[in-house]
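Colleague: Submitted below is the structure of interest, expressed as structure tokens.
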Amino acid sequence: MPVSTDNGVVLVVPLDASSVTDFKPERGLKVALVGAEGTTLMSQQVVLDDKGQGEAKFALQEAPGELRVLVGPDDASDDEIVGLQTLGVSVSAKLFIEPRLVLPPLRITDFYWHHWLRWCRWYTVRGRVLCADGSPVPGATVCAHDVDGLWNWLGTQQVGCATTDASGSFSMTFRWCCGWYPWWWWRMRDWRFDPDIWARIRRLIEVEPRLPIPPRPTVRPSLDVFDALLADGPLVSPPLGLARAGFDASRLAVANAPRLATNLAPLAGLPTLKSATGLAALDFDPSQLSGLRERLTKVLPASAELEKLQIWPWYPREPWFDCEPDIAFRVTQQCDGQEKVIVDEPWWRARWNIDTTLDVTLVATSDACCVRTPPQTEGNCMVLSSVCGISVSDIGGNVSAPAMPAGFAHPGLVSVVGDAPFAGDVRLEGQFGSAASVDYYEFEVAPTALGPWAKLAVGSAGGFSRRYFDSATLTFPAASFPFQFIDGRYVIESREHYEDTHPAPWGITQLWTGQNFDTLMVWDTDGHYDNGEYHLRLVGYDRVGDTLQNERIVPLCGTEDADPPQQNHLVLQLDNRTTGTALDPSGDEPRAKVVEVRINGVVAGPCDIAQAPADASLDVYFIAYDVDAHLSQYSLVATFGADEPPINLLAVVPPLGALPNGNTLTGVALDGVPAAVQVGPTYPAALDQGAVSPAWSGGGLHLHIADLRSVIERSCCYQIELWAYKRTIVGCNGNLPHRDFSFYSLTIAV
């Protein structure tokens, strides 16, 4: 091989695999020269002959400095051959004194040859990402990670990513190698603190009085956390405050405990190689963790749970020799202008030691944008299917629902959310039949099913947008559906007409997602309509140029062949909130007010310091009232001290039918509010007390506790807190957002 300059040299590396049992030249080898900086200078592939002989020749421009010659399988990358435990020999710079340097043959043993045949394998992962209802999740990025647990740190290595197609399917192929140098394996991991693992470890240690509780770990692995567990020495005296509280000093770290990290040898190997690979911050050799594990397992309690989850030190791990990856998945999707994590499998969901082919189904969270398949509703008809995602069969007075109470969600449900009216922005949802052919539509409203019908107030009819998946660009464009004036009417375009006027292979390359797929309109009720019962129906039109023609009430699916067909129809009960003023809070919906507190019959005003004799009683007068009779529940508690659990004052009242204990909850007229006929404190309790669905107003209330000290056990400042809630579904939010709060503070000395 010619040398390009007078100062150049030729380095010859003979290879000898003749001693390998049953040798067959079934694969080639790679020879690499690694410089003092830890980087591969050049590499060459070598094919051995039938006798296992071969050689690599390197033409160097000039005599090099210190070199490492590494030998591995021919499919190893330049990085892998440095990080994996390959054959190697150091070549001193002093040997380059002649133009040609021939090294002694590098002998390849059975161990290395047969290990190289399997040290790196290809894995294929196939699967689908689905929503909970089974619909596909397109355009999502699926990433597979190998996971390892070290104490309370989680180490992950991303092995591959893929993007789901329109069916939610994906496929990825990745290469997995084993037999790394421990420090090289360590640098490939992304380490983070895992609070779930730490909680399990802490619970395990807390029940062992002989062990000190380690400090909260750092974000990155640090062996300092084991100092207290392994060190010997006198106990540290507890701080004065803790000693007075009877703190167990044995749970503190020992005094002057030596740092464990200083007792471990620094990272072995070339210092330049260490810095070149980004390992300057790693001040110990991970291969020493095996010896550390032996010490820790003699101290730590056993845990079958942590051993099963392969958490070191309970599980003997040397993951740099792990030839079968342990895979967990993380899936993200950018659908609504923001990337969201829709699958994030915890470490304990990992698939341990997977085969070279893995098939999975991943279920996404509700944040995912799913492809929605249009329903196969036949006929010239429509279905008003749901309101705010609540099926019309679960709204009184509608198709397949109980007749009463009309317009209330969850009719007859004995719950704090049963018999719920609607308020705010109400989302109306439904589908057209395959032959309905409505281009544009609007809604009409009436106080009864018989009318009189009127067009919706213009300001109350709100549009929306839908998203679809474009499989050509893997994006989620938005399609706008606003209300607009056409031919003197305030109408909105149907989804079917939008598809007709925006030609595309809908259902093939452009697929609607579930976001607002069935939405017909957002009805803004607050400020436009009084509280009460309302009936709605949809009116459809054909658009011809700039005119609307063929006005019709689309019949209800399943009745279009009747004479006459049943019109589409929806009934809802509205209860929008009004609030009072600071001077006149009587208009609040609901109204919560702690009016007065008496101790042993004597009024104790806000901020008073009240003395409570041994036989003192406690009386609280308060209001929990809804003028529209849609009260859901109320609570009355006393908070005190520092992070003490609140005292539930209502818990002392015996339930209906129980033996009396002197404590009572009764109705009483207060501040213009009528006395509560049913005292509750919940809607189901009020129904048991005689309230008639769907009405429960609450009102003025008087709580009498015969023995104050049965609930107030120590002298302190107490704040009596009252919350009152309505059952109303507000803006499609069913978490009782219509609520009111009142508090009353005083000091009670017992």
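Readers should treat all values here as calculations from the given coordinates under stated rules, not as data from a laboratory. Everything numeric in this text was worked out from a predicted model, so none of it was measured. Here the Cβ positions follow ideal geometry from the backbone for every residue, glycine too, while neighbour counts run over all protein chains shown.
Colleague: Could you tell me what a quarter of the Cα convex hull surface of the stretch 1-86 works out to, in nm² with one decimal place?
Modeller: 6.1 nm²
Colleague: Can you give the FRET efficiency to the nearest 0.05 for Ile508 and Gln611, using r as the Cβ-Cβ distance and R₀ = 56 Å?
Modeller: After rounding, the FRET efficiency stands at 0.10.
Colleague: Sort 38-46, 329-337, 510-518 for me by packing, meaning the mean count of neighbouring Cβ atoms within 10 Å per residue, highest on top.
Modeller: Ranking, from highest mean packing down: 510-518, 329-337, 38-46.
Colleague: As a test of understanding, state the convex hull volume per residue of the stretch 585-749 from its alpha carbons, in Å³.
Modeller: Each residue corresponds to 119 Å³ of Cα convex hull volume.
Colleague: Here is a further query. With each label point set 7 Å from Cα along the Cα-Cβ vector, what nm distance links Thr365 and Arg203?
Modeller: 2.2 nm
Colleague: At 222 nm, what value in deg cm²/dmol follows for the chain if DSSP H runs of at least 4 each add -39500 (n - 2.57) and the sum is divided by all its residues, to the nearest 500?
Modeller: -2500 deg cm²/dmol
Colleague: Report, in degrees rounded to the nearest 10, the 0 to 90 angle that the Cα long axis of helix 195-206 makes with the longest principal axis of the chain.
Modeller: Compared with the principal axis, the helix lies near 90 degrees.
Colleague: For the chain, build the convex hull from the C-alpha positions and give me its volume per residue in Å³.
Modeller: 276 Å³
Colleague: With only alpha-carbon atoms counted, please give the Rg and Dmax of the stretch 380-530, in Å.
Modeller: Calculated on Cα positions, Rg and Dmax stand at 17.1, 50 Å.
Colleague: Okay, moving on. At most 15 other Cβ atoms within 10 Å and a DSSP loop assignment: could you name the GluC sites (Glu not before Pro) in the stretch 46-132 that fit?
Modeller: Glu62, Glu66
Colleague: Taking a Cβ-Cβ separation under 4.7 Å as the criterion for a possible partner, which cysteines of the chain have none?
Modeller: Cys607, Cys716, Cys717
Colleague: Can you tell me how much longer the chain between Asp110 and Asp355 gets when fully stretched, taken as 0.36 nm per residue apart minus their C-alpha distance, in nm with one decimal?
Modeller: Taking 0.36 nm per residue and subtracting the Cα distance, the gain is 85.7 nm.
Colleague: Under a straight-distance cross-link criterion of Cα-Cα below 15 Å, which aspartates and glutamates are reachable from Lys94, leaving out those fewer than 8 residues away in the same chain?
Modeller: Those aspartates and glutamates meeting the cut-off are Glu62, Glu66.
Colleague: Show me the ranking of peptides 303-313, 135-145 by mean Cβ neighbours inside 10 Å, starting with the highest.
Modeller: Highest-to-lowest ranking by the protection proxy: 135-145, 303-313.
Colleague: Now, a different point. Any lysines with Cα under 24 Å of the Lys24 Cα? List them, leaving off those in the same chain fewer than 8 positions away.
Modeller: Excluding near neighbours in sequence, the set is Lys51, Lys57.
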